[in-house]
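Structure record follows, encoded as C-alpha cells.
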Amino acid sequence: MRLPARDVRYLAGANLVSSTGDWLLRTGLAYQVYALTGSTAASATAVLAALIPRTLLGPIAGVYADRWDRRRTVIVTNLLLGACLLPLAAVHGPGQVWILYLVLAAQSGLALLFSTAEAALVPALVGDGDLVTANSLNGQARDVARLAGAALGGLVAGFGGVGLLAAVSAGAYAVAAALLSLIRVTRTGTPAAERRHLIREGLDGLRIAMSTRTLRTIMVFTVVTGIGEAVMSTLMAPFVHDVLHGSARTYGTIMAAQAVGGITGGLITTMFGHRFPPRLLLGGGTVAFGLVDLALFLYPLVSPSPWPAVVLMVVAGLPGALMIAGLMTVFQTATDDSHRGRVFGTLLTLDSLAMLAGTAVAGTLGDRLGIVPVITIQGIGLCTAGLMVLLLLPRTTAPSTRPGIRVDSPPA
C-alpha cells in the first residue's frame with residue numbers, strides 16, 4: 001500500500017468531517033420537515049429543494065472551480081456551509097418550514113461547488129500513479145461519513161431539534177475548513193487573462209466532454225448509472241417491504257450493510273487499487289457491481305428471506321469502491337487542470353438529470369410492472385455500462401496540444 005501524500009490525508013480528513021455534516025444535516029432535516037408538517041408533500045418539496053440547484057448549477061460551479069483558487073474555494077465553501085445554517089435558529093413551527101427549504105437549496109449549491117473544486121484539486125496533490133489511492137481514500141472517507149452522519153442525524157434532530165442539528169453540522173464544517181487550510185498546494189485555477197463569458201465557459205464543459213472518446217464514454221456511463229441509481233433509491237424501500245416482507249428495522253439494517261461494505265471495499269481499494277489500470281477498475285468493478293445487484297433483486301424469487309440481502313449489500317462494497325475510484329481517476333487523467341472543474345460540473349448536471357428521469361421511471365412503472373422487474377434496471381444498467389467501458393475506453397490517455405483536452409491513445 002502506498003502511503004498517501006500529506007495533503008491528500010488532510011483532504012480525506014476534511015472530506016470525512018464535512019460529509020458527516022452533510023449526511024447529519026440531510027437526515028436530520030428530512031426528519032424535522034415531516035415532524036413539523038406531517039406532510040409527505042412537504043418532504044417531497046425538501047428533496048426537490050436539494051436536487052434542483054444540483055441540476056441547474058453544475059456548469060456554473062464548474063466554471064468557478066476552474067477560475068478560482070481551488071484550495072481557497074474548498075475552505076471558503078465549508079465556512080459558508082456552516083454560516084448558511086444560521087437561519088435555522090428562526091424555525092419553531094410549520095410556518096417557518098420554508099426556511100428549511102431555502103437552507104437545503106443553499107447547502108446543495110455550496111456542496112456542488114465544493115465537490116467540483118475538490119475533484120479538480122486532487123490531481124494537483126499527487127502524481128498520476130497515486131490518483132487511484134487518493135480517490136479510494138476520499139471515497140472511503142465519504143462512506144464512513146455516510147454511515148456515521150445518517151445514524152447521528154436522526155438522533156441529534158430528535159434530541160435537540162433544528163437548533164442542535166445546525167450547531168453540530170456547523171461545527172463539522174468549521175473543522176473541515178481548518179483541515180483544508182493545512183494543504184500546501186500551489187495556486188490552481190484559470191488566469192484572469194484567459195477567462196471569457198460565463199455562459200461560454202460553462203458550455204466549454206460540454207464541448208470538451210464531447211471532444212474525446214474517453215469523455216463521451218464517461219458521459220454515457222454517467223447517464224446510464226444515474227438512471228439506475230435513482231430507480232434503486234426510489235424502489236429499495238418498497239422492495240424490502242413488499243418483496244422481502246421486512247420491517248423498517250430490516251430496511252435500516254440493509255442500508256447500514258451497504259455503508260459497511262463500502263468502507264471495507266474502500267479500504268481494499270486504497271491498499272491494492274493502484275496495481276490495476278483505472279479503466280479495468282471502472283469497467284470490471286461496474287460489471288461485478290451489476291451482477292451482485294442482480295443477485296440481490298432476483299434471489300427473493302427463490303426465497304424471500306432478508307438476510308441474503310444484507311450479505312449481498314456488504315459484498316457489493318468492493319466492486320462499488322473499485323468503480324468509483326476508477327471513474328474519478330479516468331476522468332481526472334482525461335482532462336487538463338484548466339478545464340477539469342467545468343467538465344466535472346457538466347457530468348454532475350447529467351447525473352442529476354438522469355436521476356430525475358430514473359425517479360420518474362420508477363414512480364410510473366413500479367406499480368404497473370411490479371417492483372422486481374423495474375428495480376432490476378439498476379443491475380442491467382450497471383452491467384451494460386461496465387461492458388461499454390471495457391470495450392470503448394482507450395487503454396491510455398495522453399496530453400493534447402489543445403489546452404484543456406487530452407486525446408485518446410490507441411489501444412495497446
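The values are calculated or read from the model by the stated rules, or taken from the named source; none is laboratory data. Please read these numbers as outputs of a predicted model, since none were measured by experiment. Note: ideal-geometry Cβ built from the backbone for every residue, glycine included; neighbour counts use all protein chains shown.
For the stretch 58-81, the condition holds for no residue, the condition being that it is touching a helix residue (DSSP H, G or I) at 6+ places or on another chain (Cβ under 9 Å), in a loop (DSSP other than H, G, I, E, B), closer than 18 Å to R26 by Cβ and touching a residue at least 40 places away in the same chain (Cβ under 8 Å). Restricting attention to the stretch 76-117, the residues that are crowded, with 21+ Cβ neighbours inside 10 Å and of a type in the set (V, I, T) total 4.
Any chance you could count how many residues in the stretch 3-32 are under 20 Å from D130 (Cα atoms) and either among the hydroxyl-bearing types (S, T, Y) or outside any helix (DSSP H, G or I) (or both)?
Matching residues across the stretch 3-32 total 4.
Residue pairs whose Cβ atoms lie under 7 Å apart, separated by 6 or more positions or on different chains, with the first residue in the stretch 281-308 and of a type in the set (V, I, T) and the second modelled with pLDDT under 95 and in a loop (DSSP other than H, G, I, E, B), are V292/A316. If you go through the stretch 137-173 and pick out every residue that is surrounded by fewer than 17 Cβ atoms within 10 Å (Cβ to Cβ) and more than 24 Å from I263 (Cβ to Cβ), you end up with 6. In the stretch 360-371, the residues that are in contact (Cβ under 8 Å) with a residue 24 or more places away in the chain form Cβ pairs under 7 Å with partners that are small (G, A, S) and assigned to a helix (DSSP H, G or I), at six or more places apart or across chains, as follows: A362/A230. All of (1) among the small types (G, A, S); (2) more than 25 Å from T264 (Cα to Cα); (3) modelled with pLDDT under 85 hold for G95 with one exception: (3). If I filter the stretch 345-377 down to residues being charged (D, E, K, R) and either touching a Leu at 6+ places or on another chain (Cβ under 7 Å) or farther than 24 Å from Y64 by Cβ (or both), which single residue comes out as surrounded by the fewest Cβ atoms within 10 Å (Cβ to Cβ)? Going through the qualifying residues, I end up with R368. Count of the stretch 33-57 residues, restricted to those that are hydrophobic (A, V, I, L, M, F, W, C), under 16 Å from the mean Cα position of the chain (by Cα) and part of a helix (DSSP H, G or I), is 4.
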